[in-house]
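Notes follow once the structure below has been shown.
The values are calculated or read from the model by the stated rules, or taken from the named source; none is laboratory data. Predicted model only: the values in this text are computed from it and were never measured. Here the Cβ positions follow ideal geometry from the backbone for every residue, glycine too, while neighbour counts run over all protein chains shown. In case anyone asks, the SASA skips ligands and DNA or RNA and just uses the protein heavy atoms, side chains included. Shrake-Rupley method; radii C 1.70, N 1.55, O 1.52, S 1.80 Å.
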Amino acid sequence: MRTAMANRLTPYMFMAPAAIIMAIALMYPLGYMVWGSFRDWNPSQTIGEAEFVGLKNYIFLWNDPNFHESLGVTLRFAFFVVTIEMIIGVGLALLLDREIRGISVLRTMFILPMMIAPVVVGLMWRYMYHPTVGTFNRFLDSIGLPRVDWLGDYALTSVIIADIWQWTPFIFILSLAALQSLPRSALEAARIDGATGWQQIIHIKLPLMMPVLIVTALLRLIDAFKVLEVILVMTEGGPGLSTEILALRISRTATEFRELGVAAAMSNYLLILLLLLTVGMFAFNRWQEARAARLNALVEEES
Amino acid sequence: MSTPNSRANPAFYAVIALLVFMSVGPVILMFMNSFKLDVDIISGTSGLIFLPTIQNYEKALCDVLWYEPDHIDFCSLKFGNAFINSLIIALISTALTLVIGCMAAYALVRFRFMGRDTVSLSTLMVRMVPPAVLLVPVFGLWNNEFCLDRDGIVGGAIRDAFGGRGDVCLAGTHSGIILIYVAMNLPFVIWILQSFIVQVPRSLEEAARVDGAGPFQVFFKVVLPLIKPGLAAAAIFTFRIAWNEYLLASALSDRDTRTVPILIVNNMSEFNVEWGVIMATGMLLAIPPIIFTLLASRQIITGMTAGAVKG
């Protein structure tokens, strides 16, 4: 009797520490934030001391052109970063999916950028983009081209380039792993049927990789909304608002302008946006997976 | 598997060389600059040929040096202190996350229990929350709610002695930062470890059960040793985040508990940028992750692919 009781409790005992910590430090804060977004709240008050203002913060943001600008910058950043990184990363994986000597050394080289602190990545690129001292302008000088104000007029592009440098390897590694775990019979069959390399990629490899590619893109997309330090160090959101992504605006509203209520409302908008993206991608993924499974069965049948 | 054109194609190897150059180039550039005097960095005439100096490192590490370099008159950068804070926070939060996350992952894989699906789903959802979103509530809670004794006798005594609000809050302590890092990393660790625990053969656990081991003995003596590669991968990722994170640490730390990323950003935003010193500080922060990468790249790749490829 006693052991039966213990057995029923076992899973909860294993689960308890994680559940308690996540409840205290994730769930409770998130609920607290939703509650705080309805209040005129500054950092020196407890939430109970802050005045309840209803939807005021949300309406304020809804009409705030600066918030719209930040939202636009964030979406543009995320869109370009994910699209370009997917194209380059998958392309490289297709190109390098063969037996070459020293591939493991190569992969180590490629994952190095991901492991370095974003703060350090930001400072590296800030140096390279520097108008006079920087590497890029020196290079342009040496081949006789005019200098470019990298972190001025082209700030958003420059920030995107830095992110591409750091995160394309992530997509490369995942696509390579996906490529190498493809059913070999399918590729073999296609080769025997005389499909060219290009045809194999379009009709066999890419469709079969699709589920993994979508998860990868989703992970990258979510991470693109988390980027903050690199941009903070490189441009501090400027010039003007041209690189002030939402994450930066939230942190500034909270710590510099000390308006926690408004920052909380902004965070909620961002969460809703992320939730919609995630749900959408998952639905799409399920559909694609079913399609890939059908394709797989078809190919296997034929070989 | 090898296709005919994989052998000796110069263009192919040129592409690879270019890629390696592009991904490692900036790191090497920073490494070299950290050994240059600011004059050399700014003039740029020296390029590859310069006289290396360790002055930047001496300036960065001035509070831990056992000698006094004569080119430093005032030690403004407290790198040693920040480095120790970084180390404490990263190591403790990694260890805690692994133990707690591993137990939770085991429960999710091996047991059916009430609320299992809810836990599983919320873990997945929490993964997408950006640190910037956590900033607001954590900042508010750690500063105002998670405090000891604001109005009681002890609080009154503290107020009389030191002034201020009379409370001791989670903000500004190592534990405050560690707590949020553990919570933040748990979903990821649980997610990754699940895919490793699934592969542990059930028969092994049952054999141990028959021999009279309790569930916790089975977990620590049978399951844990078998998923070491997964633990290593999870450890690297958790450590990386705790070591590199800036935003939450900067909101929750004070002068004594700040970490290296905060030190770098603070120095960066000063009007006169000392490139050499900043690059040296950056290199010092980058070295542990670089060593990790070189030692454990296989584990890192396993860890990355476990989440996405195995689904």
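Computed quantities for the displayed model
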read-out: Residue within region A:183-190 that is open to solvent by 20 Å² or more (accessible area, probe 1.4 Å), in contact (Cβ under 8 Å) with a residue 12 or more places away in the chain, assigned to a helix (DSSP H, G or I) and farther than 25 Å from A:D97 by Cβ present; value: no
read-out: Yes/no for A:W167 being on the phi < 0 side of the Ramachandran plot, open to solvent by 20 Å² or more (accessible area, probe 1.4 Å), at pLDDT 85 or above and not basic (K, R); value: yes
read-out: Test: B:K221 is open to solvent by 60 Å² or more (accessible area, probe 1.4 Å) and closer than 21 Å to B:N185 by Cβ; value: no
read-out: Hits in region A:86-99 (condition: open to solvent by less than 50 Å² (accessible area, probe 1.4 Å) and either touching a residue at least 24 places away in the same chain (Cβ under 8 Å) or on the phi > 0 side of the Ramachandran plot (or both)); value: A:M86, A:G89, A:V90, A:L92, A:A93, A:L94, A:L96, A:D97
read-out: A:M114 at pLDDT below 90 and within 24 Å of A:D223 (Cα to Cα); value: yes
read-out: Pick from region A:228-237, criterion facing chain B (nearest Cβ under 9 Å) and assigned to a loop (DSSP other than H, G, I, E, B), ranking: least open to solvent (accessible area, probe 1.4 Å); value: A:L228
read-out: Residues that are open to solvent by 50 Å² or more (accessible area, probe 1.4 Å) and more than 8 Å from chain B (Cβ to nearest Cβ), drawn from region A:274-289; value: A:L276, A:L277, A:V279, A:F282, A:A283, A:F284, A:R286, A:W287, A:E289
read-out: Pairs with Cβ under 6 Å, 6+ apart, first in region A:154-167 and closer than 17 Å to A:L75 by Cα, second open to solvent by 30 Å² or more (accessible area, probe 1.4 Å) and not in a helix (DSSP H, G or I); value: A:A155/A:S242; A:L156/A:S242; A:S158/A:W150; A:S158/A:L151
read-out: Filtered residue count, region A:199-227, keeping only those that are more than 26 Å from A:L298 (Cβ to Cβ), of a type in the set (V, I, T) and at the interface with chain B (Cβ under 7 Å from one of its Cβ atoms); value: 1
read-out: Criterion violated by A:M109 - all others in (1) more than 14 Å from chain B (Cβ to nearest Cβ); (2) open to solvent by 40 Å² or more (accessible area, probe 1.4 Å) satisfied; value: (1)
read-out: Candidates B:F74, B:F113, filtered to the one that is open to solvent by 80 Å² or more (accessible area, probe 1.4 Å) and of a type in the set (F, W, Y); value: B:F74
read-out: Residue check, A:I161 part of a helix (DSSP H, G or I), open to solvent by 60 Å² or more (accessible area, probe 1.4 Å), closer than 14 Å to A:V81 by Cβ and within 13 Å of another protein chain (Cβ to nearest Cβ); value: yes
read-out: Check on B:L48, open to solvent by 60 Å² or more (accessible area, probe 1.4 Å), of a type in the set (A, V, I, L, M, F, W, C) and at pLDDT below 85; value: yes
read-out: From B:I278, B:I241, residue being within 12 Å of another protein chain (Cβ to nearest Cβ) and open to solvent by 10 Å² or more (accessible area, probe 1.4 Å); value: B:I241
read-out: Residues of region A:210-227 satisfying the condition of being of a type outside the set (D, E), free of Cβ contacts under 8 Å to residues at least 60 places away in the same chain and part of a helix (DSSP H, G or I); value: A:V212, A:L219, A:I222
read-out: Residue within region A:142-156 that is surrounded by fewer than 20 Cβ atoms within 10 Å (Cβ to Cβ), more than 30 Å from B:L135 (Cβ to Cβ) and within 12 Å of another protein chain (Cβ to nearest Cβ) present; value: yes
read-out: Every residue from region B:26-40 that is more than 9 Å from every other protein chain (Cβ to nearest Cβ) and in a helix (DSSP H, G or I); value: B:I28, B:F31, B:M32, B:D38, B:V39, B:D40
read-out: Residues satisfying the stated conditions in region B:119-148, i.e. open to solvent by less than 10 Å² (accessible area, probe 1.4 Å) and closer than 12 Å to A:P29 by Cα; value: B:V133, B:L134, B:L135, B:V136, B:P137, B:V138, B:G140, B:L141, B:W142
read-out: Single residue of B:L108, B:L141, B:L121, B:L134 found to be within 29 Å of the chain's Cα centre (by Cα), of a type outside the set (G, A, S) and more than 9 Å from chain A (Cβ to nearest Cβ); value: B:L121
read-out: Qualifying residue in region B:26-40 (condition: open to solvent by 40 Å² or more (accessible area, probe 1.4 Å) and basic (K, R)); value: no
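Matching residues to (1) open to solvent by 70 Å² or more (accessible area, probe 1.4 Å); (2) within 25 Å of the chain's Cα centre (by Cα):
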{"position": "A:F14", "(1), (2)": "no, no"}
{"position": "A:W35", "(1), (2)": "yes, no"}
{"position": "A:F38", "(1), (2)": "no, no"}
{"position": "A:F80", "(1), (2)": "yes, yes"}
{"position": "A:I84", "(1), (2)": "no, yes"}
{"position": "A:R101", "(1), (2)": "yes, no"}
